[in-house]
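Structure, as C-alpha coordinates:
The values are calculated or read from the model by the stated rules, or taken from the named source; none is laboratory data. Predicted model only: the values in this text are computed from it and were never measured. Note: ideal-geometry Cβ built from the backbone for every residue, glycine included; neighbour counts use all protein chains shown. Only protein heavy atoms, including side chains, enter the accessible area calculation; ligands, DNA and RNA are left aside. Shrake-Rupley method; radii C 1.70, N 1.55, O 1.52, S 1.80 Å.
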Amino acid sequence: MDYRAVLEEVAATARSAAGVGRVAEYIPALAAADPTAFGFAVADLGGQGGVDGVGDWEAPFSIQSVSKVFTLALVLAADGEGLWARVGKEPSGSPFNSLAQLERDRGVPRNPFVNAGALVVTDRLQDLTGDASSALRDFLRAESGDPRVDFDRGIAASELRHGHRNAALAHLLADHDRLANRVRTVLHHYYLQCSITMNCRTLALAARFLARHGLRADGTRLLTRSEAKRVNAVMLVGGTYDEAGEFAHRVGLPAKSGVGGGILAVVPGRCTLCAWGPALDPHGNSTAALAALDAFTTLTGWSVF
Ligand code: GLN
(Lines give C-alpha, C1' and ligand atoms only; values in the text may rest on other atoms or scores of the structure.)
Protein backbone atom coordinates (compact mmCIF):
# COMPACT_ATOMS: atom_id res chain seq x y z
CA MET A 1 0.00 0.00 0.00
CA ASP A 2 1.24 3.49 -0.83
CA TYR A 3 0.68 5.52 2.31
CA ARG A 4 2.03 8.83 0.97
CA ALA A 5 -1.25 10.67 0.42
CA VAL A 6 -2.68 9.43 3.74
CA LEU A 7 0.46 10.44 5.64
CA GLU A 8 0.42 13.95 4.20
CA GLU A 9 -3.21 14.43 5.18
CA VAL A 10 -2.62 13.00 8.66
CA ALA A 11 0.28 15.43 9.13
CA ALA A 12 -1.78 18.40 7.96
CA THR A 13 -4.54 17.57 10.47
CA ALA A 14 -2.17 16.84 13.34
CA ARG A 15 -0.06 19.95 12.86
CA SER A 16 -3.01 22.09 13.82
CA ALA A 17 -3.04 20.23 17.18
CA ALA A 18 0.76 20.15 17.63
CA GLY A 19 1.68 22.51 20.45
CA VAL A 20 -1.78 22.44 22.05
CA GLY A 21 -1.36 21.27 25.65
CA ARG A 22 1.70 21.12 27.89
CA VAL A 23 4.91 19.10 27.82
CA ALA A 24 5.52 16.80 30.82
CA GLU A 25 7.08 19.32 33.17
CA TYR A 26 6.87 17.01 36.19
CA ILE A 27 9.91 15.19 34.79
CA PRO A 28 12.37 18.09 34.46
CA ALA A 29 14.44 16.39 31.76
CA LEU A 30 11.36 16.17 29.51
CA ALA A 31 10.37 19.82 29.95
CA ALA A 32 12.84 20.97 27.29
CA ALA A 33 11.06 19.14 24.43
CA ASP A 34 9.80 21.28 21.51
CA PRO A 35 6.01 21.25 21.99
CA THR A 36 5.38 21.79 18.26
CA ALA A 37 7.36 18.76 17.03
CA PHE A 38 5.32 16.10 15.25
CA GLY A 39 6.04 12.73 13.67
CA PHE A 40 4.06 9.74 12.42
CA ALA A 41 5.09 6.31 11.13
CA VAL A 42 3.30 3.28 9.74
CA ALA A 43 4.99 -0.14 9.64
CA ASP A 44 3.51 -2.77 7.34
CA LEU A 45 3.58 -6.48 8.01
CA GLY A 46 5.08 -9.21 5.84
CA GLY A 47 8.29 -9.52 3.85
CA GLN A 48 10.81 -6.93 4.89
CA GLY A 49 7.95 -5.03 6.49
CA GLY A 50 7.89 -1.63 4.81
CA VAL A 51 7.92 1.43 7.02
CA ASP A 52 7.10 4.97 6.01
CA GLY A 53 6.55 8.19 7.88
CA VAL A 54 6.06 11.92 7.86
CA GLY A 55 7.34 14.93 9.81
CA ASP A 56 9.83 14.30 12.63
CA TRP A 57 9.28 10.57 12.41
CA GLU A 58 12.96 9.77 12.92
CA ALA A 59 13.55 12.29 15.73
CA PRO A 60 14.36 10.59 19.06
CA PHE A 61 12.03 10.90 22.04
CA SER A 62 11.61 9.30 25.44
CA ILE A 63 9.23 6.36 25.13
CA GLN A 64 8.13 6.59 28.79
CA SER A 65 4.96 4.53 29.35
CA VAL A 66 4.94 3.10 25.84
CA SER A 67 7.57 0.78 27.37
CA LYS A 68 4.85 -0.80 29.52
CA VAL A 69 3.32 -2.71 26.64
CA PHE A 70 6.65 -4.37 25.89
CA THR A 71 7.44 -5.34 29.49
CA LEU A 72 3.94 -6.82 29.75
CA ALA A 73 4.55 -8.87 26.59
CA LEU A 74 7.91 -10.11 27.88
CA VAL A 75 6.41 -11.24 31.19
CA LEU A 76 3.49 -13.02 29.50
CA ALA A 77 5.90 -14.68 27.06
CA ALA A 78 8.11 -16.02 29.85
CA ASP A 79 5.52 -16.67 32.49
CA GLY A 80 2.11 -17.27 30.92
CA GLU A 81 -1.01 -15.90 32.52
CA GLY A 82 0.00 -16.02 36.20
CA LEU A 83 0.53 -12.27 36.18
CA TRP A 84 -3.20 -11.62 36.13
CA ALA A 85 -3.46 -12.73 39.76
CA ARG A 86 -1.34 -9.68 40.66
CA VAL A 87 -2.63 -7.08 38.19
CA GLY A 88 -6.15 -6.38 36.94
CA LYS A 89 -7.35 -5.85 33.39
CA GLU A 90 -10.00 -3.21 33.97
CA PRO A 91 -10.03 0.42 32.87
CA SER A 92 -8.72 2.64 35.64
CA GLY A 93 -10.91 5.72 35.19
CA SER A 94 -8.31 7.48 37.36
CA PRO A 95 -5.04 9.29 36.68
CA PHE A 96 -2.18 6.94 35.79
CA ASN A 97 -0.35 7.64 39.05
CA SER A 98 -3.28 7.46 41.49
CA LEU A 99 -2.36 6.42 45.02
CA ALA A 100 -5.94 6.48 46.28
CA GLN A 101 -7.08 3.84 43.78
CA LEU A 102 -4.21 1.50 44.64
CA GLU A 103 -4.96 1.78 48.34
CA ARG A 104 -8.69 1.17 47.79
CA ASP A 105 -7.87 -1.91 45.70
CA ARG A 106 -5.51 -3.30 48.40
CA GLY A 107 -2.40 -3.17 46.27
CA VAL A 108 -3.80 -4.86 43.15
CA PRO A 109 -3.40 -2.29 40.35
CA ARG A 110 -6.33 -1.88 37.96
CA ASN A 111 -4.28 -2.78 34.89
CA PRO A 112 -0.63 -3.21 33.80
CA PHE A 113 -0.46 0.27 32.26
CA VAL A 114 -1.16 2.52 35.24
CA ASN A 115 2.14 3.17 36.99
CA ALA A 116 1.41 0.80 39.89
CA GLY A 117 0.58 -2.00 37.45
CA ALA A 118 3.75 -1.37 35.48
CA LEU A 119 5.80 -1.51 38.69
CA VAL A 120 4.36 -4.98 39.39
CA VAL A 121 5.14 -6.09 35.82
CA THR A 122 8.70 -4.79 36.10
CA ASP A 123 9.09 -6.54 39.45
CA ARG A 124 8.07 -9.81 37.79
CA LEU A 125 10.34 -9.23 34.79
CA GLN A 126 13.21 -8.61 37.19
CA ASP A 127 12.55 -12.01 38.79
CA LEU A 128 12.38 -13.71 35.41
CA THR A 129 15.48 -12.14 33.85
CA GLY A 130 17.68 -10.78 36.65
CA ASP A 131 17.94 -7.51 34.69
CA ALA A 132 14.52 -6.24 33.62
CA SER A 133 15.58 -3.02 31.90
CA SER A 134 18.35 -4.66 29.85
CA ALA A 135 15.99 -7.46 28.79
CA LEU A 136 13.58 -4.81 27.53
CA ARG A 137 16.29 -2.80 25.74
CA ASP A 138 17.65 -5.92 24.02
CA PHE A 139 14.18 -6.94 22.90
CA LEU A 140 13.51 -3.48 21.46
CA ARG A 141 16.84 -3.53 19.62
CA ALA A 142 16.07 -6.93 18.11
CA GLU A 143 12.51 -6.10 17.03
CA SER A 144 13.30 -2.64 15.64
CA GLY A 145 16.54 -3.79 14.00
CA ASP A 146 18.27 -0.75 15.50
CA PRO A 147 21.19 -1.53 17.85
CA ARG A 148 21.35 2.12 18.94
CA VAL A 149 18.15 1.85 21.00
CA ASP A 150 19.28 2.69 24.54
CA PHE A 151 18.50 4.24 27.91
CA ASP A 152 18.82 7.96 28.55
CA ARG A 153 20.39 7.82 31.97
CA GLY A 154 19.96 11.58 32.45
CA ILE A 155 16.18 11.23 32.11
CA ALA A 156 16.13 8.18 34.42
CA ALA A 157 18.13 10.08 37.04
CA SER A 158 15.85 13.11 36.70
CA GLU A 159 12.79 10.93 37.35
CA LEU A 160 14.42 9.18 40.27
CA ARG A 161 15.19 12.53 41.90
CA HIS A 162 11.69 13.91 41.41
CA GLY A 163 9.56 10.75 41.41
CA HIS A 164 8.05 10.95 44.89
CA ARG A 165 4.69 9.68 43.68
CA ASN A 166 6.13 6.60 41.96
CA ALA A 167 8.20 5.89 45.08
CA ALA A 168 5.01 6.18 47.14
CA LEU A 169 3.22 3.75 44.81
CA ALA A 170 6.08 1.26 45.07
CA HIS A 171 6.13 1.49 48.87
CA LEU A 172 2.36 1.05 49.00
CA LEU A 173 2.70 -2.08 46.82
CA ALA A 174 5.44 -3.38 49.13
CA ASP A 175 3.28 -2.63 52.16
CA HIS A 176 0.58 -4.84 50.63
CA ASP A 177 3.23 -7.53 50.00
CA ARG A 178 2.90 -7.22 46.24
CA LEU A 179 6.59 -6.89 45.30
CA ALA A 180 9.20 -9.65 45.28
CA ASN A 181 12.14 -7.26 44.85
CA ARG A 182 13.24 -4.27 46.87
CA VAL A 183 11.49 -0.99 46.14
CA ARG A 184 14.72 0.67 45.01
CA THR A 185 15.48 -2.18 42.59
CA VAL A 186 12.03 -2.00 41.02
CA LEU A 187 12.16 1.81 40.70
CA HIS A 188 15.67 1.64 39.19
CA HIS A 189 14.52 -0.67 36.39
CA TYR A 190 11.21 1.14 35.95
CA TYR A 191 12.90 4.50 35.39
CA LEU A 192 15.44 3.01 33.01
CA GLN A 193 12.69 1.34 30.97
CA CYS A 194 10.79 4.65 30.75
CA SER A 195 13.95 6.51 29.70
CA ILE A 196 14.56 4.43 26.57
CA THR A 197 14.93 6.68 23.55
CA MET A 198 13.40 5.67 20.22
CA ASN A 199 11.55 7.33 17.36
CA CYS A 200 8.27 6.77 15.52
CA ARG A 201 9.98 4.50 13.00
CA THR A 202 11.68 2.16 15.49
CA LEU A 203 8.70 2.02 17.86
CA ALA A 204 6.30 1.09 15.07
CA LEU A 205 8.73 -1.60 13.89
CA ALA A 206 9.28 -2.97 17.40
CA ALA A 207 5.55 -3.44 18.01
CA ARG A 208 4.76 -5.47 14.90
CA PHE A 209 4.45 -8.69 16.93
CA LEU A 210 1.20 -7.23 18.30
CA ALA A 211 -0.22 -6.85 14.79
CA ARG A 212 1.19 -10.26 13.78
CA HIS A 213 -0.75 -12.11 16.48
CA GLY A 214 2.39 -12.76 18.55
CA LEU A 215 5.06 -13.46 15.89
CA ARG A 216 8.41 -11.68 16.27
CA ALA A 217 10.41 -10.00 13.51
CA ASP A 218 12.47 -13.17 12.97
CA GLY A 219 9.32 -15.29 12.58
CA THR A 220 9.58 -16.98 15.98
CA ARG A 221 6.64 -16.80 18.35
CA LEU A 222 6.74 -14.46 21.35
CA LEU A 223 3.10 -14.70 22.40
CA THR A 224 0.35 -17.16 21.63
CA ARG A 225 -2.42 -15.78 19.46
CA SER A 226 -4.61 -15.59 22.52
CA GLU A 227 -1.99 -13.72 24.58
CA ALA A 228 -1.46 -11.21 21.77
CA LYS A 229 -5.22 -10.65 21.62
CA ARG A 230 -5.24 -10.05 25.37
CA VAL A 231 -2.41 -7.52 25.28
CA ASN A 232 -4.25 -5.63 22.55
CA ALA A 233 -7.49 -5.83 24.54
CA VAL A 234 -5.87 -4.37 27.66
CA MET A 235 -4.33 -1.63 25.52
CA LEU A 236 -7.78 -0.74 24.29
CA VAL A 237 -9.26 -0.47 27.80
CA GLY A 238 -6.25 1.00 29.60
CA GLY A 239 -3.51 2.11 27.20
CA THR A 240 -4.49 5.76 27.32
CA TYR A 241 -5.51 5.81 31.00
CA ASP A 242 -8.62 7.72 31.97
CA GLU A 243 -9.04 8.83 28.37
CA ALA A 244 -9.36 5.27 27.01
CA GLY A 245 -13.07 5.73 26.25
CA GLU A 246 -12.51 8.94 24.30
CA PHE A 247 -9.58 7.31 22.50
CA ALA A 248 -11.59 4.22 21.53
CA HIS A 249 -14.39 6.52 20.39
CA ARG A 250 -12.14 8.65 18.18
CA VAL A 251 -9.47 6.18 17.03
CA GLY A 252 -10.85 2.67 17.61
CA LEU A 253 -7.49 0.90 17.98
CA PRO A 254 -5.48 -0.71 20.79
CA ALA A 255 -2.86 1.85 21.79
CA LYS A 256 -0.31 2.81 24.42
CA SER A 257 0.72 6.36 25.22
CA GLY A 258 3.65 7.86 27.10
CA VAL A 259 4.30 11.28 28.61
CA GLY A 260 7.20 11.72 26.18
CA GLY A 261 4.37 12.38 23.68
CA GLY A 262 4.41 9.07 21.82
CA ILE A 263 1.34 6.93 21.12
CA LEU A 264 1.77 3.48 19.63
CA ALA A 265 -1.28 1.87 17.99
CA VAL A 266 -1.98 -1.53 16.46
CA VAL A 267 -4.14 -2.47 13.48
CA PRO A 268 -4.24 -6.25 14.04
CA GLY A 269 -3.30 -8.25 10.95
CA ARG A 270 -2.32 -5.14 9.02
CA CYS A 271 0.17 -2.64 10.46
CA THR A 272 1.41 -0.71 13.47
CA LEU A 273 1.36 3.07 13.87
CA CYS A 274 3.37 5.45 16.00
CA ALA A 275 2.52 9.12 16.40
CA TRP A 276 4.47 11.66 18.41
CA GLY A 277 4.08 15.23 19.64
CA PRO A 278 5.40 16.32 23.08
CA ALA A 279 2.47 18.54 24.14
CA LEU A 280 0.04 16.58 26.33
CA ASP A 281 -3.60 16.90 27.29
CA PRO A 282 -4.62 16.78 30.99
CA HIS A 283 -4.70 12.93 30.91
CA GLY A 284 -1.05 12.74 29.82
CA ASN A 285 -1.77 11.82 26.19
CA SER A 286 -0.26 13.71 23.25
CA THR A 287 -2.74 16.05 21.58
CA ALA A 288 -1.03 15.89 18.17
CA ALA A 289 -0.60 12.10 18.27
CA LEU A 290 -4.26 11.64 19.17
CA ALA A 291 -5.34 13.93 16.33
CA ALA A 292 -3.04 12.08 13.91
CA LEU A 293 -4.35 8.63 14.83
CA ASP A 294 -7.92 9.91 14.65
CA ALA A 295 -7.23 11.25 11.14
CA PHE A 296 -5.52 8.01 10.06
CA THR A 297 -8.37 5.69 11.05
CA THR A 298 -10.95 8.10 9.67
CA LEU A 299 -9.16 8.31 6.30
CA THR A 300 -8.42 4.59 5.94
CA GLY A 301 -11.43 3.14 7.74
CA TRP A 302 -9.03 0.81 9.59
CA SER A 303 -10.04 0.20 13.17
CA VAL A 304 -10.98 -2.86 15.16
CA PHE A 305 -14.64 -1.89 14.94
N1 GLN B 1 7.90 7.72 33.73
C2 GLN B 1 6.57 8.26 33.79
C3 GLN B 1 6.04 8.18 35.20
O4 GLN B 1 6.33 7.25 35.87
C5 GLN B 1 5.70 7.50 32.85
C6 GLN B 1 4.28 7.99 32.84
C7 GLN B 1 3.64 7.96 31.49
O8 GLN B 1 4.32 7.96 30.46
N9 GLN B 1 2.33 8.03 31.46
O10 GLN B 1 5.35 9.04 35.68
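Count, please, the residues in segment 201-224 that happen to be touching a Cys at 6+ places or on another chain (Cβ under 7 Å) and either more than 16 Å from the ligand (Cβ to nearest atom) or assigned to a loop (DSSP other than H, G, I, E, B) (or both). Outline the logic, then answer.
So the first thing to find is which residues in segment 201-224 are touching a Cys at 6+ places or on another chain (Cβ under 7 Å), and the list is 203-204, 211.
Remaining after also requiring either more than 16 Å from the ligand (Cβ to nearest atom) or assigned to a loop (DSSP other than H, G, I, E, B) (or both): 204, 211.
Residues meeting the conditions: 2.
Taken together, the residues in segment 18-31 that are farther than 15 Å from Q64 by Cα and within 16 Å of the ligand (Cβ to nearest atom) amount to 2.
Kindly indicate the residue of segment 135-183 that is outside any helix (DSSP H, G or I) and without any contact (Cβ under 8 Å) to a residue 24 or more places away in the chain and also farthest from the ligand (Cβ to nearest atom) among those meeting that condition.
From segment 135-183, those outside any helix (DSSP H, G or I) are 145-152, 163, 176-182; that's our starting set.
If we keep only those that are without any contact (Cβ under 8 Å) to a residue 24 or more places away in the chain as well, we get 147-148, 182.
On the way: P147: 24, R148: 21, R182: 18 Å.
For segment 135-183, the residue satisfying everything is P147.
I'm checking my understanding of the structure. Among residues of segment 97-140 that are surrounded by fewer than 18 Cβ atoms within 10 Å (Cβ to Cβ) and basic (K, R), which one is farthest from L179 (Cα to Cα)? For segment 97-140, the residue satisfying everything is R104.
Considering only residues that are within 15 Å of A132 (Cα to Cα) and open to solvent by 40 Å² or more (accessible area, probe 1.4 Å), look in segment 70-96 and name the one that is nearest to the chain's Cα centre (by Cα). Write out each step before concluding.
To start, the set of residues in segment 70-96 that are within 15 Å of A132 (Cα to Cα) comprises 70-79.
Filter once more, so that each one left must be open to solvent by 40 Å² or more (accessible area, probe 1.4 Å): 77-79.
Details: A77: 17, A78: 19, D79: 20 Å.
Looking at residues that are within 15 Å of A132 (Cα to Cα) and open to solvent by 40 Å² or more (accessible area, probe 1.4 Å), I get A77.
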